[in-house]
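Just so you know, all these numbers are worked out from the coordinates, no wet-lab data involved. These numbers come from a predicted model, not from an experiment. Quick reminder, even Gly has a Cβ in these numbers, built from the backbone with ideal geometry, and neighbours come from all protein chains shown.
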Amino acid sequence: MVVPTSSEPTFGLLGLPLAAAAERCALRKVKVAVVGFGYVGSCIGAVLAHKGFLVHGIEVDPRIVAAVRAGRAPVEEPGLSELIADVVLEERLTIGSDLSAVSGCEVVLVTVGTPLGPDHGPDLGAVIAVAKALAPHLRKGHLVILKSTVVPKTTTEVVVPLLQHGSGLRQGVDFGVAFCPERFEEGNALRQLRNLPVVVGATSPQVGATVAAFWESAGLTTMRVASPTAAELVKLADNLWIDLNIALANELALLAAPLGVDALEVIAAANTLPKGQHAVNIMTPGAGVGGSCLTKDPYFVHQLGRTLGMELRLPLAGRAANEAMPAVMATLAAEVAQAIGKAPGSCAALLLGISFKPDTDDIRGTTALPLAEALGARGFAVLCHDPCIRSGRRPALPTGAAWVDDLLESVRGGPVLVLHTAHGVYRSQVAALLTALPRPGGVVDGRFVFDPQAVASAGHHFRGIGRPPLVPRP
Ligand SMILES: NC(=O)c1ccc[n+]([C@@H]2O[C@H](COP(=O)([O-])OP(=O)(O)OC[C@H]3O[C@@H](n4cnc5c(N)ncnc54)[C@H](O)[C@@H]3O)[C@@H](O)[C@H]2O)c1
């Protein structure tokens, strides 16, 4: 039990001796505000509430407020609906749209969106709006933790001045600010929020220690870096690495098919080489890289270089390699159509999977839409299927493309299947899909879902990213 001494603040964590701050967190005597209750905010808010914190979400979108109040998840993420239903019922998670509620919350997490701006830097409009609106409600002892992805120096040169100016309080003395990048991947968010180390870059060592104590009380390990700027760059470094790594895998895949080798086999063998402290770790090639972060963060890095007076080469090279994959898929579809004796202009291509990753309905940055466009440009009549995207949430398709609902019925229409997203529904029905497809059909696999030999044995032509073509086996 913490009994504040007369010199200790009665509100907040900053200013308390570290052990007392840690104990308050451990005893769940701090309330956490999460400003921006979209994908990141709702996942973090639910996990922290499940860990016993009282969490209050603050969100401007009335649909999200209504959904969460009704105990429903605002986004499709495995396990999130159940978690939100539980913590709302137990009154550990509440939500509203009034930012003044932060004055009762010792820790304020900011998780608003930072989309790609017109100059390829982040659009900081929401971050700036929140910092301005938050400032008048700041109290001595508050910790403000920015988690939205931003370019380095945003915390110290944009957020901190706005908070100080609007509150009349001094950062580092009256309130603390840190940047802790969010690094989970969609589809795996809840597990990663319980396991990933939290990077903490704070404006002073004392703020850093207090912020670390908060995360550690939630059972997480922390990795402290010297400043918010370093933590901001960590986030961009992670996503640039992923995008470049997949670009490498994709270009290896382009080489593998004409050489008659399997890119996955090559990559698995290449990855056995120990290098540095780890091993070579080339990721999996595929039909494209999507998502809200990987498609924008390399541009943020490129733009950052420009603002510092340099022209970085890698971020745009990686983006170009990955953004070329829908066109590669469309070329494979045209090849497979030709192999079955059809001109693309006289046949349909059934595009399987529109969301950017398996088993979610998130279409942000999905490469399925450019793929649908590239297939249409080749002359295919494009039919789109996605079992995870409910009809009310379907994105607009390129001109000429149409949605279909019945998977097997659509496959029976043939003749070309183009798999973009490895939804479980497709993985579990590979044999049925190959049986339903009229012979000889064509299968283009962008995600290593089909066994090429099984496709050939079923009487169809096969093309796939990183795999040699196969003709039907007699
Ligand atoms: N989605 C991911 O997988 C992921 C992963 C890591 C990091 N990030 C980063 O985290 C940030 C948030 O991403 P997201 O995917 O959750 O975005 P999102 O668009 O799903 O959620 C942002 C939410 O903030 C709300 N908002 C905007 N202005 C507000 C205001 N003034 N007050 C209250 N709410 C406000 C929006 O209505 C929206 O619901 C971004 O910077 C993103 O790059 C996202």
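If each residue's Cβ is checked for other Cβ atoms within 10 Å, how do F37, F300, F184, F11 rank with the fewest at the top?
F11, F184, F300, F37
According to the Kirkwood expression over distinct Cα-Cα pairs, how big is the hydrodynamic radius of the stretch 1-128, in Å? Walk me through the intermediate numbers first.
On the way: mean 1/r = 0.0640 Å⁻¹.
Across the stretch 1-128, the inverse of the average 1/r is 15.6 Å.
Need one word for the chain: rounded, prolate or oblate. Basis is the Cα gyration tensor (sqrt eigenvalues a ≥ b ≥ c); a/c below 1.5 gives rounded, then a/b vs b/c decides.
Note, shape of the chain comes out prolate.
Pairs K235/K357; K296/K357; K29/K153; K153/K235; K153/K275; K31/K140: which are spaced more than 23 Å apart, C-alpha to C-alpha?
Distance filter (> 23 Å) returns K29/K153; K153/K275.
Taking amide H atoms as placed 1.01 Å from N in the peptide plane, list the residues 5 or more away in sequence, or in a different chain, whose amide H sits under 5 Å from that of V199.
M223
Calculated from DSSP H runs of 4 or more alone, at -39500 (n - 2.57) each and per residue, what is the 222 nm mean residue ellipticity of the chain, nearest 500?
-11500 deg cm²/dmol
Ranked highest first by average number of other Cβ atoms within 10 Å, how do 354-362, 14-22 line up? Don't skip to the answer; put the middle values down first.
On the way: 354-362: 21.8, 14-22: 17.9.
Top of the packing list down: 354-362, 14-22.
Which peptide among 38-46, 257-265 comes first, and what is the full order, when sorted by highest mean count of other Cβ atoms within 10 Å?
38-46, 257-265
What shape does the stretch 227-309 have by the C-alpha gyration tensor, where a ≥ b ≥ c are the square roots of the eigenvalues, rounded means a/c under 1.5, and otherwise prolate means a/b greater than b/c and oblate the rest? The partial results should precede the final answer.
On the way: a/c = 2.83, a/b = 1.74, b/c = 1.63.
Since a/c reaches 1.5 and a/b is larger than b/c, the shape of the stretch 227-309 is classed as prolate.
Would you order K275, K29, K342 from fewest to most other beta-carbon atoms within 10 Å of each residue's own beta-carbon?
Exposure proxy ranking, most exposed first: K275, K29, K342.
Would you kindly state how much longer the chain becomes between E335 and R390 on full extension, computed as 0.36 nm times their sequence separation minus their alpha carbon distance, in nm to one decimal?
16.6 nm
Exposure proxy check: R393, R92 ranked by fewest other beta carbons within 10 Å?
In increasing order of surrounding Cβ atoms, one gets R393, R92.
Can you work out the Karplus-derived ³J(HN,Hα) for every residue in the stretch 410-418? Use 6.51 cos²θ - 1.76 cosθ + 1.60 with θ = phi - 60°, whole Hz, and x for glycine or proline.
Once θ is set to phi - 60°, the couplings for the stretch 410-418 become 5, 5, 4, x, x, x, 10, 9, 10 Hz.
R194 versus A268, label points 7 Å from Cα toward the beta carbon: distance in nm?
Modelled inter-label distance: 3.0 nm.
Compute the distance from the alpha-carbon center of the stretch 373-435 to that of the stretch 236-253, in whole Å.
27
Which residues does a label at A432 reach in the stretch 345-361, if reach means a backbone N under 19 Å from a point 7 Å past the Cα toward the Cβ?
Under 19 Å, as judged by backbone N against the label point of A432, lie 350-354, 359-360 of the stretch 345-361.
Kyte-Doolittle cut-off 1.0, length cut-off 20 Å along the helix's own axis using Cα: show which whole DSSP H helices in the chain pass.
325-339
Can you work out the PRE-style zone for S204? Point 7 Å along Cα to Cβ, and I want the residues of the stretch 15-51 with backbone N under 14 Å.
Label zone hits: 15-18.
Mind checking the stretch 156-263 for GluC sites (Glu not before Pro) that DSSP puts in a loop (not H, G, I, E or B) and that have at most 14 other Cβ atoms within 10 Å?
E185
Does the stretch 18-228 come out rounded, prolate or oblate by the C-alpha gyration tensor, with a ≥ b ≥ c the root eigenvalues, rounded set by a/c under 1.5 and, if not, prolate when a/b is larger than b/c and oblate if not?
rounded
Determine one quarter of the surface area of the Cα convex hull of the stretch 324-470, which equals its mean projected area, and express it in nm² to one decimal.
7.4
Would you calculate the separation in nanometres between label points at E409 and L254, each defined as 7 Å from the Cα along the Cα-to-beta-carbon direction?
My value for the distance between the label points is 4.0 nm.
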